[in-house]
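Attaching a single structure in structure tokens format; questions to follow.
The values are calculated or read from the model by the stated rules, or taken from the named source; none is laboratory data. Not measured: the values here are computed from a predicted model. Cβ sites come from the backbone with ideal geometry, for glycine too, and all protein chains shown count toward neighbours. Only protein heavy atoms, including side chains, enter the accessible area calculation; ligands, DNA and RNA are left aside. Shrake-Rupley method; radii C 1.70, N 1.55, O 1.52, S 1.80 Å.
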Amino acid sequence: MPVVAAAVCPHPPLLVPEVASGAASDLDELRAACLAAIDGLATADSVLVVGSAATDATYDGRTGGSFGPYGAPTVRIGSGDPVLPLSLAMGGWLLDQSKAAHVSRIYRAVPVDAPPADCLQLGKELAGGNDRLALLVMGDGAPRRSEHSPVHLHPLAEIFDSTVAQAFAAADADVLAALDPDLATELQAAGRAPWQVLAGALGGLSGELAYHAAPYGVGYFVASFS
């Protein structure tokens with residue numbers, strides 16, 4: 001059965017109020033958009049959280065994650081050693097706050113430099129499974145959108161992110177599949193590989209872009225597909 005629903009969210013640790021502390025309200029709109037999109041995954045049989053990391057890995061739903069490295073050691077998800085990379089830990093935390101918290105989950109880390117063909121193939125394999133699967137796709141856009149960005153302003157950053165945003169709004173798998181991995185690396189857009197996994201799995205789903213902004217000079221997107 002094909003993937004029945006999907007949500008795209010970014011993974012800044014500042015989404016966790018205990019990490020953001022006094023600045024937590026700055027991302028209220030983004031946090032609310034993420035949770036609304038993830039609520040739409042609640043009717044699936046299982047949720048696969050996909051995010052980029054240094055290496056390819058699969059983790060079961062009980063795997064631990066911690067926000068201690070970001071100043072909030074009391075905020076944890078799962079059980080056992082906190083080995084989830086940030087993208088997946090953030091996805092797990094958002095799931096726990098949503099109406100899809102009860103749905104069984106698996107985590108899949110995709111190498112940030114994975115070739116597009118490998119990402120698309122993984123998406124196609126996921127869409128060919130027997131369960132009513134939902135995807136929670138975690139990925140940030142370019143952190144080079146302004147002079148105050150974490151990385152120095154790049155003239156192509158906003159163009160790249162706008163292309164991604166339009167592809168989400170139109171559920172355009174072809175545009176997502178065609179994202180240039182070399183340009184994404186230059187722009188440090190961590191979401192490129194997970195977004196191309198989504199492209200391979202979209203099938204006939206329609207898309208809705210709920211959020212696109214760069215509040216800290218980093219491109220953030222929230223989209224839902226059904």
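Compute for region 143-226: radius of gyration divided by Kirkwood radius, i.e. Rg/Rh, restricted to C-alpha atoms, rounded to two decimals.
For region 143-226, the value is 0.97.
Right, another one. Anyone know which of S87, S104, S66 comes out most mobile in the 10 Å Cα GNM of the chain?
S104
Same structure, new question: Roughly what would the spin-label model give for A57 and E125, points 7 Å off Cα along C-beta, in nm?
1.8 nm
Can you give me the C-alpha center-to-center distance between region 100-133 and region 38-54, rounded to a whole angstrom?
Answer, in whole Å: 9.
Let me ask something additional. Would you work out what percent of the accessible area of the chain, with all protein chains in place, is carbon or sulfur (probe 1.4 Å)?
Here it works out to 52 percent.
So what's the net charge close to A214: Lys and Arg +1, Asp and Glu -1, counting the other residues with Cβ under 11 Å from its Cβ?
That sum, taken over residues with Cβ under 11 Å, equals -1.
Is it possible to state the helix-based mean residue ellipticity at 222 nm for the chain, with each DSSP H run of 4+ residues giving -39500 (n - 2.57), the sum divided by total residues, to the nearest 500 deg cm²/dmol? What is it?
It comes out at -9500 deg cm²/dmol, rounded to the nearest 500.
Would you work out the charge dipole size for the chain about its Cα centre, treating the Cβ of every Lys and Arg as +1 and the Cβ of every Asp and Glu as -1, and quote it to the nearest 20 debye?
The dipole magnitude comes to about 460 debye.
List, in order, the whole-Hz ³J(HN,Hα) value for each residue of region 49-58 obtained from phi through the Karplus relation with A = 6.51, B = -1.76, C = 1.60 and θ = phi - 60°; use x for Gly and Pro.
Going residue by residue, I get 8, 10, x, 7, 7, 5, 9, 6, 7, 10 Hz, with x marking Gly and Pro.
For region 15-55, with equal point scatterers placed on the C-alpha atoms only and solvent neglected, what are the log10 I(q)/I(0) values from the Debye formula at q = 0.16, 0.17, 0.25, 0.32 1/Å, to two decimals?
-0.61, -0.67, -0.89, -0.99
How much length, in nm to one decimal, is gained on full extension between S146 and V83, taken as 0.36 nm per residue of separation minus their Cα-Cα distance?
19.4 nm
Still on this structure: Evaluate 2.2 N^0.38 Å with N set to the residue count of region 108-186, then give the Cα radius of gyration divided by it.
Cα-based Rg divided by the globular estimate yields 1.24.
To continue, here is another question. Over region 103-148, give the accessible area per residue in Å² for a 1.4 Å probe, as an integer.
45 Å²
Using +1 at the Cβ of each Lys and Arg and -1 at the Cβ of each Asp and Glu in the chain, identify which of Q188, V151, A127 lies farthest towards the dipole's positive end.
Farthest towards the positive pole: A127.
Might you report the magnitude of the Cβ-based charge dipole of region 42-159 about its Cα centre, with Lys and Arg at +1 and Asp and Glu at -1, to the nearest 20 debye?
The dipole of region 42-159 has a size of about 280 debye.
Which value does Rg/Rh take for the chain over its C-alpha atoms, Rh per Kirkwood?
Using only Cα positions, Rg/Rh for the chain is 0.93.
Quick one: of the DSSP bridges fully inside the chain, what percent are antiparallel, nearest 5?
Percent antiparallel among DSSP bridges in the chain is about 45.
For a label point 7 angstrom out from the Cα of A23 toward its Cβ, which stretches of region 133-147 have the backbone nitrogen within less than 16 Å?
143-147
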